[in-house]
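Q: So that we are looking at the same thing, I have put the structure below in structure tokens.
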Amino acid sequence: MEPVKSSAMPAASQPPSPNQLGVASQRLPIRFTGSGSAYFRIWAVDLLLIVLTLSLYLPFARARRLAYFHSHTLVGRDPLSFHANPWQMFRAHLLLLLLGGALWAVTHLWPSLNGPSILLALALWPWMMHAALRFRMAHTHWRGLPMGFIGSLSGIYGSFWPLAVPLVPAAVALTLIMGLDKVNDPLSPSLFGPGALFLFAMGVAGLMLPWVGLRFMRYVQSGYTYGQERTHMNLAAGAFYAFSFKVVVYAMLALVLLGMVLWGVAWWWPHRGYLLLLLVVLVNGVLPALVWPYILARRQNMVWSNTRSQRVRFESQLRFPALLRLTLGNLLLVLLTLGLYWPVARIRTTRMRLEAVSVEITGEVGGAALATSTPDAWADGAVHMLGVDIGI
């Protein structure tokens, strides 16, 4: 992180290492003291109230969850804290319900508008992520000082703009497809042109994802602040592309493994109904449980071990085999308990991920926090409702 003087400050250059500063440094381990049984009680009460209030209690539940996880995350001996006003989050939740209902009505009453609606949602996505990061960090404190996020709105759009090149033609093609009279006939010649354009554009977008993902992570990791410190991520493009290639190879190997399992079961017990059920379980449950821990462990280590500021640096040593065993065990127990083990599984996963990270501080950090405007809660709620985790 480099000292921040104004919100218009350009992205930080590579900060010096702690040894170059010539001051004593200390390594602070991160510990997570959350309890599965305690969080289960919070989760059960929140779930009941969410159901009884038809989701109106959701922002209060989210505020309780964030406060619980923050207060049980200790950096050194000092816990984090979360101070957002749940009523502000509640007003944002009502606005999101209205907007979501309007979008649902438009897409169902006028199917030909699906393409423009998707394009509009994608255009708003960077704005929501930017606002959610500002809201979450502005209400997170450590040692009495708030953290912050000062990445610019133009910066996040700058990281995502290349995706507009393939996604705009894809949205146009989807609009043409939905507007055709013979859309229910997949072999209709009128579908060939728009269909081919849509598939080609989505293929190009898929190939561009590693590059865009790297640009986005550089933007995020270079915008965190604490006092007068600002983070910077020095991650080479080659390392990230190699990681993306390994993810594809690992996912293909996992698919081959699950295919062999399915073939073995079909040879031993050739009942099609059960085989279809097994296929659904393998694709929707086991495959993500095999692939996601690899992505999570490698990405966390790569990103946070290359994130630092002038006086602070991070190191992550999350082990993929350990995370894989934990994830598969959690999945099995969640299935056996019909979902009741999920809160305990979340506590166990959070503990492993957080305690793999340590923070090295050189000298003293802190000082007056950068003054910024108070961010709104609506975007944080939108990102949460879409299932996106913006924390570690």
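The values are calculated or read from the model by the stated rules, or taken from the named source; none is laboratory data. Here the structure is a predicted model, which means the values were calculated and not measured. Quick reminder, even Gly has a Cβ in these numbers, built from the backbone with ideal geometry, and neighbours come from all protein chains shown.
Q: Filter the stretch 298-337 down to residues that are of a type in the set (Gly, Ala, Ser) and in contact with a strand residue (DSSP E or B) (Cβ under 9 Å, 6 or more places away or on another chain) and give me whichever is nearest to Arg230 (Cα to Cα).
A: Ser309
Q: Return yes or no: is His141 at pLDDT 90 or above, farther than 26 Å from Ala237 by Cα and more than 18 Å from the chain's Cα centre (by Cα)?
A: Yes: the conditions hold for His141.
Residue-wise test of (1) out of contact with any helix residue (DSSP H, G or I) (no Cβ under 9 Å at 6 or more places or on another chain); (2) over 15 Å from Ser37 (Cα atoms); (3) modelled with pLDDT of 95 or more; (4) not aliphatic (A, V, I, L, M).
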residue: Arg311; (1), (2), (3), (4): no, yes, no, yes
residue: Leu318; (1), (2), (3), (4): no, yes, yes, no
residue: Leu326; (1), (2), (3), (4): no, yes, yes, no
residue: Gly329; (1), (2), (3), (4): no, yes, yes, yes
residue: Gly339; (1), (2), (3), (4): yes, no, no, yes
residue: Ala345; (1), (2), (3), (4): no, no, yes, no
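Q: Residue by residue through the stretch 134-154, note down the ones that are assigned to a helix (DSSP H, G or I) and either touching a helix residue (DSSP H, G or I) at 6+ places or on another chain (Cβ under 7 Å) or surrounded by fewer than 19 Cβ atoms within 10 Å (Cβ to Cβ) (or both).
A: Phe135, Arg136, Leu153, Ser154
Q: Hey, can you tell me all the residues within the stretch 291-322 that are hydrophobic (A, V, I, L, M, F, W, C), touching a residue at least 40 places away in the same chain (Cβ under 8 Å), buried (at least 22 other Cβ atoms within 10 Å of the Cβ) and over 20 Å from Arg215 (Cβ atoms)?
A: If the condition is that a residue be hydrophobic (A, V, I, L, M, F, W, C), touching a residue at least 40 places away in the same chain (Cβ under 8 Å), buried (at least 22 other Cβ atoms within 10 Å of the Cβ) and over 20 Å from Arg215 (Cβ atoms), then Val312 is the only one that fits.
Q: A further question on this structure: Considering the stretch 306-319 alone, what residues qualify as being assigned to a loop (DSSP other than H, G, I, E, B) and within 18 Å of the chain's Cα centre (by Cα)?
A: The one that is assigned to a loop (DSSP other than H, G, I, E, B) and within 18 Å of the chain's Cα centre (by Cα): Leu318.
Q: For the stretch 43-62, what are the residues that are touching a residue at least 24 places away in the same chain (Cβ under 8 Å) and either buried (at least 16 other Cβ atoms within 10 Å of the Cβ) or in contact with a Phe, Trp or Tyr (Cβ under 6 Å, 6 or more places away or on another chain) (or both)?
A: The answer is Trp43, Leu58, Pro59, Phe60, Arg62.
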